[in-house]
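Participant: First, the structure itself, so that you have it in front of you.
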Amino acid sequence: MAALRRSARTARSARFTPVFDPDFGDRALTEARHDIVIGRWQGVRDLLRETGEDWSRRTHRVRLLAHAAAGSSLVEAWRAAEPDSPDAAVLRAATEVVRVFDTAIAAGRGTAVDRGRVDRTVDACLRAAEAAPADPMPWVSLLSVVRLYEGGVPRRQLRQWFDELRHRDPYNTEGHAQVMRYLSARWHGTHGAMYDFARDAAGVAPPGSPLPVLVQVARVEEYRYIADGALGRGPVRGFDQHWKHELAVDELRRTFERWIGGREPGGAVAPEEVPDLNYLAHAACYAGQAETARELLGMLGTRAAWVPWAYTGDPEEQFVRFREGLGVT
């Protein structure tokens with residue numbers, strides 16, 4: 001009996017456990033975020049300087065640093081100490097975007113955010129763009145915060161700002177995702193407009209770019225919208241096929257072929273790829289595409305992301321269940 005108990009304990013301890021690391025394995029970013037906790041901005045400065053013009057990684061790092069800095073005065077301290085630093089201006093703008101979204105979330109959906117507050121955040125983004133003219137991140141920040149304008153902004157203005165982003169980084173996935181969300185039914189558009197934008201972006205992405213995953217992100221956005229609307233009224237008719245119908249599966253395969261098929265064979269998954277790879281793995285799992293899901297979960301290893309798994313249940317339970325069901329080692 002004692003041997004059986006030991007065997008059971010060993011099996012439990014050996015069970016796969018996903019790691020929900022907010023930095024997705026980016027150890028240098030983790031160290032910089034620790035510096036934020038202790039109020040030291042120099043580590044953040046050094047990290048962004050070392051990141052250079054790797055725009056994908058820089059976008060990833062600035063966004064996560066902004067979330068870490070939003071509840072402190074670190075960016076203001078850095079700006080005061082180095083007022084001419086472009087990196088400080090870029091991070092401050094991104095941090096202001098996080099803060100104004102936090103205010104919107106606290107007020108509750110449907111409550112308009114003070115327009116003056118949004119205007120000031122937009123101004124911070126535009127000043128950051130002037131300070132760092134080659135950097136796409138101020139435009140990513142700008143394309144994020146304009147969702148909070150009641151009624152949105154003129155489409156010509158949105159297009160102009162989007163063109164500024166693409167001029168600097170034509171396939172910036174995060175910037176495209178922000179425009180896609182702006183065009184969604186949850187914000188200032190429709191499901192159709194959202195999908196059209198995602199499919200157009202996917203169609204022009206070069207092989208190996210994660211940009212085609214926008215189509216799967218759009219499917220999650222639609223799921224959230226419909227599920228929120230059905231809350232308390234029972235299931236939505238036909239919704240069980242949301243991930244599995246023919247178009248969804250075809251688009252999943254196209255994304256896999258364009259993105260994963262275009263990557264360097266056996267190449268390591270970079271931290272900035274992990275969130276998008278979780279979207280694609282989630283789509284493959286729920287579409288019942290076992291071979292694709294197995295490969296994607298194998299690429300991820302232990303690196304799980306709360307989103308999008310949290311929208312369809314308990315993230316850890318789903319991640320473990322699919323891995324075990326597919327025999328991923």
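Yes/no per residue for (1) at pLDDT 95 or above; (2) closer than 30 Å to TRP187 by Cα; (3) not β-branched (Val, Ile, Thr):
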position: GLN42; (1), (2), (3): yes, no, yes
position: TRP55; (1), (2), (3): yes, yes, yes
position: SER72; (1), (2), (3): yes, yes, yes
position: GLU76; (1), (2), (3): yes, no, yes
position: PRO83; (1), (2), (3): yes, no, yes
position: VAL90; (1), (2), (3): yes, yes, no
position: THR95; (1), (2), (3): yes, yes, no
position: GLY110; (1), (2), (3): no, yes, yes
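Participant: Let me ask another. Looking only at helices (runs of 4 or more DSSP H) that lie completely in region 212-329, which have at least 3 residues being farther than 28 Å from LEU64 by Cβ and open to solvent by 10 Å² or more (accessible area, probe 1.4 Å)?
Facilitator: Once the helices (runs of 4 or more DSSP H) in region 212-329 are filtered for at least 3 residues that are farther than 28 Å from LEU64 by Cβ and open to solvent by 10 Å² or more (accessible area, probe 1.4 Å), what remains is 214-230, 246-255, 290-300, 315-326.
Participant: Residues that are over 23 Å from ASP169 (Cβ atoms) and open to solvent by 40 Å² or more (accessible area, probe 1.4 Å): does region 55-64 have at least one?
Facilitator: Checking region 55-64: not a single residue is over 23 Å from ASP169 (Cβ atoms) and open to solvent by 40 Å² or more (accessible area, probe 1.4 Å).
Participant: Write out, first by first residue and then by second, each pair whose Cβ atoms fall under 9 Å of each other, whose residues are 6+ apart or on separate chains, and whose first residue, in region 144-159, is basic (Lys, Arg) and open to solvent by 70 Å² or more (accessible area, probe 1.4 Å) while the second is outside any helix (DSSP H, G or I) and at pLDDT below 95.
Facilitator: none
Participant: So which residues in region 166-180 are open to solvent by 10 Å² or more (accessible area, probe 1.4 Å) and touching a Phe, Trp or Tyr at 6+ places or on another chain (Cβ under 6 Å)?
Facilitator: Of everything in region 166-180, just one residue is open to solvent by 10 Å² or more (accessible area, probe 1.4 Å) and touching a Phe, Trp or Tyr at 6+ places or on another chain (Cβ under 6 Å), namely ASP169.
Participant: Determine, yes or no, whether LEU247 is aliphatic (A, V, I, L, M) and within 19 Å of the chain's Cα centre (by Cα).
Facilitator: For LEU247, the condition - aliphatic (A, V, I, L, M) and within 19 Å of the chain's Cα centre (by Cα) - is not met.
Participant: Quick one: GLY208 ticks every box in (1) open to solvent by less than 20 Å² (accessible area, probe 1.4 Å); (2) modelled with pLDDT of 95 or more except a single one, so which number is it?
Facilitator: (1)
Participant: Let me ask something else about it. Suppose we filter ASP135, ASP163 for residues that are open to solvent by 20 Å² or more (accessible area, probe 1.4 Å) and modelled with pLDDT of 95 or more; which single one remains?
Facilitator: Going through ASP135, ASP163 in turn, the sole match is ASP163.
Participant: Of all residues in region 144-163, which are among the hydrophobic types (A, V, I, L, M, F, W, C) and over 18 Å from ARG115 (Cβ atoms)?
Facilitator: PHE162
Participant: Specify the residue that is farthest from the chain's Cα centre (by Cα); the eligible residues are those in region 81-103 that are open to solvent by 20 Å² or more (accessible area, probe 1.4 Å) and farther than 23 Å from GLU50 by Cβ.
Facilitator: Looking at residues that are open to solvent by 20 Å² or more (accessible area, probe 1.4 Å) and farther than 23 Å from GLU50 by Cβ, I get THR103.
Participant: For region 175-211, name all the residues that are in a loop (DSSP other than H, G, I, E, B) and touching an Asp or Glu at 6+ places or on another chain (Cβ under 6 Å).
Facilitator: Listed by number, the residues that qualify are SER184, PRO210.
Participant: If you don't mind, there's one more thing I want to ask. Take VAL113 and tell me if it is open to solvent by less than 20 Å² (accessible area, probe 1.4 Å) and either in a loop (DSSP other than H, G, I, E, B) or touching a helix residue (DSSP H, G or I) at 6+ places or on another chain (Cβ under 7 Å) (or both).
Facilitator: no
Participant: Right, ASP123: open to solvent by 20 Å² or more (accessible area, probe 1.4 Å), more than 24 Å from GLU221 (Cβ to Cβ) and part of a helix (DSSP H, G or I) or not?
Facilitator: yes
Participant: Here's another thing I want to ask about it. Given the condition in contact with a Ser or Thr (Cβ under 8 Å, 6 or more places away or on another chain) and not aliphatic (A, V, I, L, M), answer yes or no: does some residue in region 189-203 qualify?
Facilitator: yes
Participant: If you check ARG127, ARG79, ARG166, which single one turns out to be under 30 Å from LEU277 (Cα atoms) and of a type outside the set (S, T, N, Q)?
Facilitator: Every option except ARG166 fails the conditions.
Participant: Right, another one. Those residues that are part of a loop (DSSP other than H, G, I, E, B) and not charged (D, E, K, R), I need them from region 13-56; list them, please.
Facilitator: PHE16, THR17, PRO18, PHE20, PRO22, PHE24, GLY25, ILE38, GLY39, TRP41, GLY52
Participant: Enumerate the pairs (first residue in region 74-85 and under 18 Å from ALA32 (Cα atoms) and among the basic types (Lys, Arg); second residue anywhere and part of a helix (DSSP H, G or I) and open to solvent by less than 20 Å² (accessible area, probe 1.4 Å)) with beta-carbon separation below 7 Å, excluding pairs fewer than 6 apart on the same chain, so at least 6 apart or on different chains.
Facilitator: Listed pairs, sorted by first residue: ARG79/ALA88.
Participant: Does VAL215 satisfy the condition of being in contact (Cβ under 8 Å) with a residue 60 or more places away in the chain and not aromatic (Phe, Trp, Tyr)?
Facilitator: No, not satisfied.
Participant: Scanning for something closer than 25 Å to LEU300 by Cβ and basic (Lys, Arg), does region 227-243 turn up at least one residue?
Facilitator: No: zero hits.
The values are calculated or read from the model by the stated rules, or taken from the named source; none is laboratory data. The model shown is predicted, which means the values in this text are computed figures rather than measured ones. Virtual Cβ from ideal backbone geometry, glycine too; neighbours counted across all protein chains shown. Side chains are part of the model used for accessible areas, which takes the heavy atoms of the whole protein and leaves out ligands, DNA and RNA. Shrake-Rupley method; radii C 1.70, N 1.55, O 1.52, S 1.80 Å.
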